[in-house]
Every structure is written in C-alpha cells, then in structure tokens.
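Asker: Mind looking over this structure? Questions follow.
The values are calculated or read from the model by the stated rules, or taken from the named source; none is laboratory data. Not measured: the values here are computed from a predicted model. Cβ atoms come from the backbone with ideal geometry, glycine included; neighbour counts cover every protein chain shown.
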Amino acid sequence: MTAQEISLPPMSGQGAPPRQNGELVFTEPWEATAFGVAVALSNQGTYNWEHFRQRLIKAIADSGGCEAYYESWAKALEASVIDAGILPEQEILDRMAALQQPH
C-alpha cells in the first residue's frame, strides 16, 4: 500500500503525530510501518479510528511523556489489534520475544 492509497484520518490535537513543515516525521523505518499499519487497519474497518486514537492518548499518558511518540503509537496499535481480535495478546508477546532473539 502506498502513501497515496492511505486515507489519513483526522490527526490534530492530542495524539497527533510529529510533523515538520507539515510533513509526517519518522526517525526509524519501523515508525513509518507502524503508522501505515494502524491507518490501513482503520481504513479497512478492522477498528474504528477513534478507538485507536483513544488508545494512543492513553499510551502517551501512561508513559508520562517518558517514551518516544511512536513507542506509544506501537502500544496503541498492539492494544487495538488485540481488542479487534486480530491476534491474541500471547501471540503478540511471543512474536516480539522472537524478534528480540539474536540471529
């Protein structure tokens, strides 16, 4: 899916992603991937965008501002995927543990 195919939901105020000169800012490739996955899942009706946004606001608040924006984004995406029944929490934990293993 290209950026042109992604219909961006309203993103202003609390929970809005970082921008520079009006453009979204990603410092790592995984951030852009997490962003695209969250938007694409919402666009295809897997979950409601407002549900994701509320999860994002909660993740940001829970971090007390002590983590990078896209770390909170990833937590909100994970919670939304679990809430939508796409993957169970244990499977996500197992996959994350596998990714962290040395190759």
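Asker: Scan the stretch 5-18 and give yes if some residue there is in a loop (DSSP other than H, G, I, E, B) and at pLDDT 90 or above, otherwise no.
Answerer: So far as the stretch 5-18 goes, no, none of its residues is in a loop (DSSP other than H, G, I, E, B) and at pLDDT 90 or above.
Asker: Now a separate question. Just a yes or no: is a residue in the stretch 35-54 at pLDDT 90 or above, under 19 Å from residue 69 (Cα atoms) and part of a loop (DSSP other than H, G, I, E, B)?
Answerer: No, every residue in the stretch 35-54 fails to be at pLDDT 90 or above, under 19 Å from residue 69 (Cα atoms) and part of a loop (DSSP other than H, G, I, E, B).
Asker: Are any of the residues in the stretch 58-72 hydrophobic (A, V, I, L, M, F, W, C), surrounded by 14 or more Cβ atoms within 10 Å (Cβ to Cβ), modelled with pLDDT under 95 and under 18 Å from residue 16 (Cα atoms)?
Answerer: Checking the stretch 58-72: at least one residue is hydrophobic (A, V, I, L, M, F, W, C), surrounded by 14 or more Cβ atoms within 10 Å (Cβ to Cβ), modelled with pLDDT under 95 and under 18 Å from residue 16 (Cα atoms).
Table: residues versus (1) farther than 23 Å from residue 93 by Cβ; (2) among the polar types (S, T, N, Q).
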site: 16; (1), (2): yes, no
site: 19; (1), (2): yes, no
site: 24; (1), (2): yes, no
site: 45; (1), (2): yes, no
site: 53; (1), (2): yes, no
site: 62; (1), (2): no, no
site: 72; (1), (2): no, yes
site: 77; (1), (2): no, no
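Asker: So which residues in the stretch 11-69 are closer than 20 Å to residue 87 by Cα and among the small types (Gly, Ala, Ser)?
Answerer: 34, 36, 38, 40, 42, 45, 59
Asker: Follow-up. List pairs: first in the stretch 77-103 and surrounded by 15 or more Cβ atoms within 10 Å (Cβ to Cβ), second of a type in the set (Gly, Ala, Ser) and not in a loop (DSSP other than H, G, I, E, B), Cβ under 8 Å, 6+ apart or cross-chain?
Answerer: 77/34; 77/38; 79/59; 80/38
Asker: Does residue 39 fit the bill of being among the hydrophobic types (A, V, I, L, M, F, W, C) and surrounded by 15 or more Cβ atoms within 10 Å (Cβ to Cβ)? Talk me through it step by step, then tell me what you get.
Answerer: Details: among the hydrophobic types (A, V, I, L, M, F, W, C): yes; surrounded by 15 or more Cβ atoms within 10 Å (Cβ to Cβ): yes.
Taking the combined requirement at face value, the residue satisfies it.
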